[in-house]
Amino acid sequence: MYRLIRPLMFALDAETAHAATIAALRLKPLRPLPRFAPCLASQLAGLTFPSPIGLAAGFDKNGEVPDVMLGLGFGFVEIGTLTPRPQDGNPRPRMFRLVEDQAVINRLGFNNQGQGVALERLGKRDRRGLVGVNIGANKDAENRIADYVTGVKAMAPVADYLTVNISSPNTPGLRNLQSGGELVELLGAVAAARSPQGPPVFLKVAPDLEHGDHDRIVRAALDARIDAMIVANTTVSRPPLASPFKSESGGLSGAPLKTLALDALRLFRNASGRELPLIAAGGIASADDAWARILAGASLVQLYSGLVYHGPGLARTIANGLAERLEQRGMSSIADAVGSG
Ligand SMILES: Cc1cc2nc3c(=O)[nH]c(=O)nc-3n(C[C@H](O)[C@H](O)[C@H](O)COP(=O)(O)O)c2cc1C
């Protein structure tokens, strides 16, 4: 089906096609949650994930279609990034399909309707299926750390988990929150803002880090009781690309991010041992890609750009492929495979 629709979507500019997709998904009647092979289920941070394949942040920024996406075969859906106040983001065009590279470049800049609107929407869900809420800071925030504290407090009641996103390249200076003192201060403030009964908190990092950063970030995360890390967001680096859009500024995702994201995952696994669960993202578009991340130490994976090129059936295809690989190797669960490569 997606093969038929794809040329129509690709005739539109990337952001218009995305808006049309969300509008169409909103009209879809809700399906019951899919059943996954029992071997795909796993526990992380006190939550039971029925499949390790999640929808990465950025697709459903405003929490308009989380249940539709769960119905399409994702084991969990991360909405956002949501900032305390609504904001427009950067001027258009700001999202580009690099078809020759199976990639996307975006410099959206946290365009979103704000946490209040999403809170109301999510409050109406019946909460079958896991939905995480990714939070960020407004571009014009006087105190960025205070924006994360606001997000933790506001969104905790409707989130199965929260993701502290300090790795978007499209809000100037945001990634500085990953550096030494600022990270410790931010994570300390987040730890103080969360309640013991509240949802687990994940930290999403960039793939563009320097030698030594991985150990430092893991230490800060463990000290602040972060429950898992998402590795990684888009990259500001530019591996060789063929598309005419290759020089657009912003974060690159999709196939060219794959090696970089896998390398970053391995570095975080080395830095954290088994102490801090890892969630892999970046260039995952097949069961082989997801399997490689799991063997390298990821407990769960997320994807976004692969959907653009392969359509919404991708989550199911990958889940089935993982179940086959477990069976071939005589493993009874995903947990057996995590880090076994
Ligand atoms: C158009 C677009 C918008 C995105 N917006 C966000 C966002 O708001 N917050 C976030 O944490 N990540 C965002 N991401 C990053 C993805 O969640 C993911 O980390 C990254 O794209 C790598 O995965 P992929 O190669 O499967 O796309 C965005 C990605 C794309 C392509």
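The values are calculated or read from the model by the stated rules, or taken from the named source; none is laboratory data. What you see is a predicted model, and the numbers here were worked out from it, not measured in a lab. Neighbour counts run over all protein chains shown; Cβ positions are idealised from the backbone, glycine included. Ligands, DNA and RNA are stripped out before the accessible areas are found, and what is left, the full protein with its side chains, is counted by its heavy atoms. Shrake-Rupley method; radii C 1.70, N 1.55, O 1.52, S 1.80 Å.
If I ask for residues that are buried (at least 18 other Cβ atoms within 10 Å of the Cβ) and more than 23 Å from GLY89 (Cβ to Cβ), which ones from the stretch 242-266 would you list?
ALA255, PRO256, LYS258, LEU260, ALA261, LEU262, ALA264, LEU265
Would you pick out the residues in the stretch 200-254 that are under 25 Å from GLU185 (Cβ atoms), part of a loop (DSSP other than H, G, I, E, B), without any contact (Cβ under 8 Å) to a residue 60 or more places away in the chain and more than 16 Å from the ligand (Cβ to nearest atom)?
Of everything in the stretch 200-254, those that are under 25 Å from GLU185 (Cβ atoms), part of a loop (DSSP other than H, G, I, E, B), without any contact (Cβ under 8 Å) to a residue 60 or more places away in the chain and more than 16 Å from the ligand (Cβ to nearest atom) turn out to be GLU210, HIS211, GLY212, ALA224, ARG225.
Report yes if some residue within the stretch 16-27 is assigned to a loop (DSSP other than H, G, I, E, B) and either open to solvent by 70 Å² or more (accessible area, probe 1.4 Å) or not aromatic (Phe, Trp, Tyr) (or both); otherwise report no.
No, every residue in the stretch 16-27 fails to be assigned to a loop (DSSP other than H, G, I, E, B) and either open to solvent by 70 Å² or more (accessible area, probe 1.4 Å) or not aromatic (Phe, Trp, Tyr) (or both).
Name, by its number, the condition in (1) farther than 21 Å from HIS18 by Cα; (2) under 19 Å from the mean Cα position of the chain (by Cα) that does not hold for TYR309.
Unmet condition: (1).
Taking only the stretch 114-141 into account, find how many residues are within 23 Å of PRO93 (Cβ to Cβ) and in contact with a helix residue (DSSP H, G or I) (Cβ under 9 Å, 6 or more places away or on another chain).
3
Please go through the stretch 147-167 and give me each residue that is within 15 Å of the ligand (Cβ to nearest atom) and open to solvent by less than 10 Å² (accessible area, probe 1.4 Å), ordered by number. Outline the logic, then answer.
Narrowing the stretch 147-167 to residues within 15 Å of the ligand (Cβ to nearest atom): 147-148, 151, 155, 159, 161-167.
Selection gives TYR148, GLY151, MET155, ALA159, TYR161, LEU162, THR163, VAL164, ASN165, ILE166, SER167.
Quickly run through the stretch 255-279 and pick out the residues that are under 22 Å from GLY54 (Cα atoms), out of contact with any Asp or Glu (no Cβ under 8 Å at 6 or more places or on another chain) and either of a type in the set (Asp, Glu) or without any contact (Cβ under 8 Å) to a residue 40 or more places away in the chain (or both).
Matches in the stretch 255-279: THR259, LEU262, ASP263, LEU265, ARG266, GLU275.
Please tell me if GLY73 is touching a residue at least 40 places away in the same chain (Cβ under 8 Å), in contact with a Lys or Arg (Cβ under 6 Å, 6 or more places away or on another chain), closer than 22 Å to SER305 by Cα and crowded, with 22+ Cβ neighbours inside 10 Å.
The answer is yes for GLY73.
Which of the residues that make up the stretch 72-113 are within 18 Å of the chain's Cα centre (by Cα) and over 22 Å from GLY282 (Cβ atoms)?
Within the stretch 72-113, just THR83 meets the criteria.
For the stretch 101-144, give me each residue that is open to solvent by 60 Å² or more (accessible area, probe 1.4 Å) and basic (Lys, Arg).
ARG121, LYS124, ARG127, ARG128, LYS139
Restricting to the stretch 300-336, and then to whatever is open to solvent by 50 Å² or more (accessible area, probe 1.4 Å), in a helix (DSSP H, G or I) and in contact (Cβ under 8 Å) with a residue 24 or more places away in the chain, can you tell me which residue is farthest from ALA37 (Cα to Cα)?
Within the stretch 300-336, the match that is farthest from ALA37 (Cα to Cα) is HIS310.
Would the stretch 267-280 turn up any residue that is within 14 Å of the ligand (Cβ to nearest atom), closer than 21 Å to ALA206 by Cβ and among the basic types (Lys, Arg)?
no
Could you list, in sequence order, the residues of the stretch 80-106 that are more than 13 Å from the ligand (Cβ to nearest atom), in contact (Cβ under 8 Å) with a residue 12 or more places away in the chain and over 20 Å from MET155 (Cα atoms)?
Once the filter is applied, which keeps residues that are more than 13 Å from the ligand (Cβ to nearest atom), in contact (Cβ under 8 Å) with a residue 12 or more places away in the chain and over 20 Å from MET155 (Cα atoms), the stretch 80-106 yields ASP88, VAL99, GLU100.
Identify the residue in the stretch 107-140 that is basic (Lys, Arg) and more than 29 Å from LEU30 (Cα to Cα) and, among all such residues, is farthest from the ligand (Cβ to nearest atom). Step through it out loud before you land on a result.
First, the residues of the stretch 107-140 that are basic (Lys, Arg): 107, 121, 124-125, 127-128, 139.
Pick out the ones that are also more than 29 Å from LEU30 (Cα to Cα) and you get 107, 139.
Details: ARG107: 9, LYS139: 13 Å.
Result: LYS139.
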